[in-house]
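The block underneath contains the structure these notes are about, expressed in C-alpha cells.
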Amino acid sequence: MKFISTRGGESTTLDGALVAGIASDGGLFLPDELPQFSCQDFTGHNNIQSVATKMLRPFFDGSSLQEELQQIAAETFHFPIPLKVLSSGDEYLGLLELFHGPTAAFKDVGAAFLAACLSRLEGNTETPLTILVATSGDTGGAVAAAFNERSGMRVVVLFPDGRVSDRQAHQLTCWGDNVLSLAVDGSFDECQALVKATLANASLTQRFRFSSANSINIGRLLPQSIYYAKAALDHWSETGKKPGFIIPTGNLGNGLACVLAREMGFPVADIIFTTNANRTIPDFLGGDDWQPRSSIATLASAMDVGNPSNMERLRAVADDDKILRQSVRAIAVDDAAIEQDIRLNQQEFGTATCPHTATATHAWRAMENAQRQQTDWIAVATAHAAKFEQIVEPIIGRPVPVPPELANILARTTKFVRIDADEAALLGAMDACF
Ligand SMILES: *Cc1c(COP(=O)(O)O)cnc(C)c1O
C-alpha cells in the first residue's frame, strides 16, 4: 500500500508516513486506494482487536510491522468502547463512548496506535526518539500516557501555562520517567510555533532524533476508523439497519475517520459533523468558499479550531466539492445550545455529557421528526464529562463521578518545568531533565 501526499506525487509506505508525519511538500498522507470490505468479511470477528487486525492488514502491506499487526491492534484497543442506548424504538439514539482510555478522551486511541508503531520502528535505547508535542489540552496527555515507559522513546509536552483546565494540567504533568512536561509562558499558538521551529531545525532534529505526534499523522487517523466500523457492523447485525453518526468536530480527524469507514464499505448511513461556534466547516459544506479564520474560545474548547487541517484530506477523498457537500453535512452549535443540551441529557437520559459531546446530541434534537425517525442515530462521545467538571457540574447541579482511569491519573504526583517560549529554554530544560 502506498501513501500519497494530498499536494502532489510524493509517495511512501505506511512506515514512511508514520515517521514523517507530514509530507515534505506540506501535504497530508492518504492511502492511494481504500480497501473494500463487506459485512460478511467480519463474520466471527467479535471483538474490536480482531476487526482492527483484519481492517488494517491492507494498509500494512509493505510495512516492516506486518508481522506485529495483531499485537499492535491489541495495544491500541486496550480499553472498552461501549455503545450505550439513550433512546430506543422509532427515535433510536446511541452514544458511542470513546472516553474509557487512560486520559478519558478519544485521542487515546490514535496515540496508543502511534506509540505502538513508532516505538517498534524508531525506538532506540542509545539515542531515544524524542516526540515533541504542543497541546491545548487533550492531545498532550494522551500522547504522554501512550509513550510513557516505552523504552527508546521520550516525550516533551509543551502546554500554555495557566490556560488548560486543572484536570487537563494534571494529565499533562503526572508522568515523570521519559516524559518532560513544560509549562510555557505563552499561548498555545506560541507552543506550536516553538515545536514547528525546533522540528524544522535540521541539526537539532538530527542530534536529538526529534519527531512529532501531531493530529495530522496518518497514525492518528487509521485506528479511529475502526471504532466506527465495529459500531456499524454491530448495529447492522443486530437490527439490519445502517446507523448514521453525529460527530463532534474540531480539526476533523475523528469525522474523517468515519467517512473513510463508509468509503471502505462499512454499513454507515448519514454522517453529520457538529462544530462549536467556530463555523469554518459548516459554512464551507453549506456552499461558501473555503475560508479558514482565527478560532474563537467556546465551552467545547478542544474543538476551538478555525483552520481544520484535515479538510484537505476530506476534499482529496471526495474528489469534488459538489459530491462532498452531498455526502456529509455540518452544523454549528453555540455555547447556549451546548449548555442546554448538557442539561437535557442529564434530565432525559440521566447522563452527564461533556461540552463537545453535547454538540452531537443537540444536532439530534434539532432534527425534523422525519429525519430523526428515518435513521438510527449514534452520537459520538469524545470525552468524559468529569474532564470538564468545572463546566458540567454547575449546569447539572450535581457532581460528576470520576471514572477509575481518570482517578488513577489524578492520584499521581505532578512535576513540570516553567520555561519561556524560546528554543534555548526548551533545550536547557531537556538537558537538565534527561
Ligand atoms: C480533539 C477533540 C475533539 C475534536 O476532534 P477532531 O478530530 O480534532 O475533530 C472533540 N472532542 C474532544 C473532547 C477532543 O479532545
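Suppose we keep only residues that are more than 14 Å from the ligand (Cβ to nearest atom) and within 26 Å of the chain's Cα centre (by Cα) within segment 368-386. Which one would you say is surrounded by the most Cβ atoms within 10 Å (Cβ to Cβ)?
Here the answer is Ile378.
From Gly176, Gly101, which residue is away from the ligand (no atom under 16 Å from the Cβ), within 27 Å of Ala385 (Cα to Cα) and part of a loop (DSSP other than H, G, I, E, B)?
That would be Gly176, the only listed residue that is away from the ligand (no atom under 16 Å from the Cβ), within 27 Å of Ala385 (Cα to Cα) and part of a loop (DSSP other than H, G, I, E, B).
All but one of (1) part of a loop (DSSP other than H, G, I, E, B); (2) touching a Leu at 6+ places or on another chain (Cβ under 9 Å) hold for Gln224, so report the exception by its number.
Here Gln224 meets the rest and fails (1).
Just to check your reading of the model, which residue among Ser63, Ser50 is assigned to a helix (DSSP H, G or I) and crowded, with 17+ Cβ neighbours inside 10 Å?
Answer to the check: Ser50.
Which count do you get for residues in segment 387-399 that are within 14 Å of the ligand (Cβ to nearest atom) and either of a type outside the set (Val, Ile, Thr) or not in a helix (DSSP H, G or I) (or both)?
Qualifying residue count for the region: 3.
Where residues in segment 213-253 are in contact with a strand residue (DSSP E or B) (Cβ under 6 Å, 6 or more places away or on another chain) and farther than 30 Å from Leu65 by Cα, which of them is farthest from the ligand (Cβ to nearest atom)?
Residue satisfying both the conditions and the ranking: Pro243.
Over 21 Å from Gly244 (Cα atoms), at pLDDT 95 or above, within 16 Å of the ligand (Cβ to nearest atom) and buried (at least 21 other Cβ atoms within 10 Å of the Cβ): is that true of His362 in this structure?
no
Filter segment 387-434 down to residues that are among the acidic types (Asp, Glu) and closer than 26 Å to Lys107 by Cα and give me whichever is nearest to the chain's Cα centre (by Cα).
The extreme case among them is Glu405.
Report yes if Lys196 is surrounded by fewer than 24 Cβ atoms within 10 Å (Cβ to Cβ) and more than 16 Å from the ligand (Cβ to nearest atom), otherwise no.
So Lys196 passes the test.
Which one of these does Phe77 not meet: (1) out of contact with any Asp or Glu (no Cβ under 6 Å at 6 or more places or on another chain); (2) crowded, with 19+ Cβ neighbours inside 10 Å; (3) closer than 27 Å to Arg209 by Cβ?
Checking Phe77 against (1) out of contact with any Asp or Glu (no Cβ under 6 Å at 6 or more places or on another chain); (2) crowded, with 19+ Cβ neighbours inside 10 Å; (3) closer than 27 Å to Arg209 by Cβ, the one that fails is (3).
For segment 126-156, give me each residue that is within 16 Å of the ligand (Cβ to nearest atom) and assigned to a helix (DSSP H, G or I).
Those that are within 16 Å of the ligand (Cβ to nearest atom) and assigned to a helix (DSSP H, G or I): Asp138, Thr139, Gly140, Gly141, Ala142, Val143, Ala144, Ala145, Ala146.
May I ask you to list pairs of residues, at least six apart or on different chains, whose Cβ atoms are under 7 Å apart, with the first in segment 236-255 being over 20 Å from Leu222 (Cβ atoms) and in contact (Cβ under 8 Å) with a residue 24 or more places away in the chain and the second being among the charged types (D, E, K, R) and not in a helix (DSSP H, G or I)?
Trp236/Lys242; Thr239/Asp376; Lys241/Asp376; Pro243/Asp376; Gly244/Asp270
So which residues in segment 317-359 are basic (Lys, Arg) and either within 16 Å of the ligand (Cβ to nearest atom) or free of Cβ contacts under 8 Å to residues at least 12 places away in the same chain (or both), if there are any at all?
Within segment 317-359, Lys322, Arg329 qualify.
Say we look at segment 289-322 and pick out the residues that are touching an Asp or Glu at 6+ places or on another chain (Cβ under 8 Å) and surrounded by fewer than 20 Cβ atoms within 10 Å (Cβ to Cβ); which of these is nearest to Asp335 (Cα to Cα)?
Ala297
Considering each residue of segment 284-310, count those that are more than 17 Å from the chain's Cα centre (by Cα) and within 16 Å of the ligand (Cβ to nearest atom), and give that number.
Count: 8.
With the requirement that a residue be of a type in the set (Val, Ile, Thr) and over 19 Å from the mean Cα position of the chain (by Cα), what does segment 351-360 give you?
Thr351
Mind checking which residues of segment 156-195 are β-branched (Val, Ile, Thr) and touching a residue at least 40 places away in the same chain (Cβ under 8 Å)?
Scanning segment 156-195 gives Val156, Thr173, Val184, Val195.
Can you tell me which residue is modelled with the highest pLDDT among those in segment 14-37 that are in contact with a Gly (Cβ under 6 Å, 6 or more places away or on another chain) and surrounded by fewer than 17 Cβ atoms within 10 Å (Cβ to Cβ)?
Selected residue: Gln36.
The values are calculated or read from the model by the stated rules, or taken from the named source; none is laboratory data. Predicted model only: the values in this text are computed from it and were never measured. Glycine also receives a Cβ, built like all others from the backbone with ideal geometry; neighbour counts cover every protein chain displayed.
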